[in-house]
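Novice: Structure provided below as structure tokens; questions to follow.
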Amino acid sequence: MKPFVEFVEKYRPGFSEKITPADWVDISMLEEDAGPLPGAYRRFLETMGASMGDLEIADAHFSIHSTLGVYRTMSWLQDSRYIFLAGDNGLASWHWFLDRSSPHGTDDCLVVNRLLDENYPPEGSHPMYVGLEEFLYYEAFKELRLPQLPFRRKFSSPDDAAAAARYRADAVTALAEEKGFKRLPPVEHCALYERGDAALLLYRHPTQPTFSFILGCEDSAEMERLAQDFETRTGLKSVITR
């Protein structure tokens, strides 16, 4: 998780001094309740599990103390398929979970949105990211980098999977590289691109062909040029976003 901390530091200096790792006793207690934890989640807890400082992503709270409270009051969650990851700060109550039945890489797994209800069915889950690491990088870039760019456009494929299949996310990545953007590791399914005067954030659904991307620029004229190029290449129309 050290590379992620260094990544955030580029956009929010001093971040590493504000985060607080979870106590090993709390991690052990969580593992007693939730069952074995994926390595990616354990590294997150050992780095910033008690507090993420002043970084808030995905409108959610990730503190291990809140998570332990959920397991203490909702015993039906113990040793289940889903590991409670973060609580929703909004009104929708779509909380974040790790789905251990869908592993990703060597020690990560699918991130989904679910309602915190004992009888909520697995098919009601909304897959969101292929893994926790990708979730963290994507949401941090969205929260920290894009707001630095005053001119932004969003492009989205149709929500319907059959219609979305006519459009290709690789057209976005190919044009981004042609335009001088550099892809930032380690995100592989979604994509983060940086160019200094501009940035691009590509979201790809983990199980469907749908995708969207946000393009941000410092200069309005360059924004218009890039938007036209991406509209022509992808076949998608952009909308101004804030």
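Any read-out appearing in this document is the output of simple, stated calculations on the displayed coordinates, not a laboratory observation. Quick caveat, the model's predicted, so the values are computed rather than measured. Note that we place each Cβ from the backbone using ideal geometry, even for glycine, and neighbour counts take in every protein chain shown.
Novice: Using Cβ contacts closer than 10 Å as the measure, can you line up Arg153, Arg242 from fewest to most?
Specialist: If I rank by nearby Cβ atoms, fewest first, I get Arg242, Arg153.
Novice: Over the chain, calculate the relative contact order: mean separation of alpha carbon pairs under 8 Å at least 6 apart, over the residue count, as a percent.
Specialist: It rounds to 14 percent for the chain.
Novice: Using only DSSP helix segments of four residues or longer, with each worth -39500 (n - 2.57), what per-residue ellipticity at 222 nm results for the chain after dividing by its residue count and rounding to 500?
Specialist: Helix-only estimate at 222 nm: -10500 deg cm²/dmol.
Novice: Find how many whole Å separate the alpha carbon centroid of the stretch 70-142 from the alpha carbon centroid of the stretch 197-242.
Specialist: Using only Cα atoms, the two centres lie 28 Å from each other.
Novice: A further question on this structure: If you take every residue apart from Gln208 with its C-beta less than 15 Å away from the C-beta of Gln208, what net charge results, scoring Lys and Arg +1 and Asp and Glu -1?
Specialist: 0
Novice: Place a point 7 Å from Cα of Val25 in the direction of its Cβ. Which residues in the stretch 61-92 have their backbone N less than 18 Å from it?
Specialist: 64-69, 72
Novice: Looking at the stretch 133-238, which GluC sites (Glu not before Pro) are DSSP coil and have at most 16 other C-beta atoms within 10 Å of their C-beta?
Specialist: Those that pass, being in a loop and sparsely packed, are Glu188, Glu218.
Novice: So for the pair Asp117, Gln78, with labels modelled 7 Å out along Cα→Cβ, what separation do we get in nm?
Specialist: Distance between label points: 2.4 nm.
Novice: Work from the charge dipole of the chain (Cβ charges, +1 for Lys and Arg, -1 for Asp and Glu, about the Cα centre) and give the residue of Ala50, Pro186, Phe211 farthest towards its positive end.
Specialist: Phe211
Novice: Neighbouring Cβ atoms within 10 Å as the yardstick, rank Tyr120, Tyr203, Tyr129, Tyr138 fewest first.
Specialist: So the residues, fewest neighbours to most, are Tyr120, Tyr203, Tyr138, Tyr129.
Novice: If you take the Cα Rg of the stretch 107-242 and divide it by 2.2 N^0.38 Å, with N the number of residues, what do you get?
Specialist: 1.10
Novice: State to the nearest 20 debye the size of the charge dipole of the chain about its Cα centre, where the only charges are +1 on K and R beta carbons and -1 on D and E beta carbons.
Specialist: In debye, rounded to 20, the chain gives about 740.
Novice: Lys and Arg at +1, Asp and Glu at -1: add these up for the other residues within a Cβ distance under 13 Å of Leu175 and post the number.
Specialist: Net of charged neighbours comes to +1.
Novice: Let me ask you something else. Compare the peptides 109-115, 77-83 by average per-residue count of other Cβ atoms within 10 angstrom and give them in order, highest first.
Specialist: Most protected by this proxy first, the peptides run 109-115, 77-83.
Novice: Which whole-Hz ³J(HN,Hα) couplings does the stretch 180-192 yield from phi under the Karplus relation 6.51 cos²θ - 1.76 cosθ + 1.60, θ = phi - 60°, glycine and proline marked x?
Specialist: With the stated coefficients, the stretch 180-192 comes to x, 7, 10, 6, 9, x, x, 5, 10, 7, 6, 7, 10 Hz.
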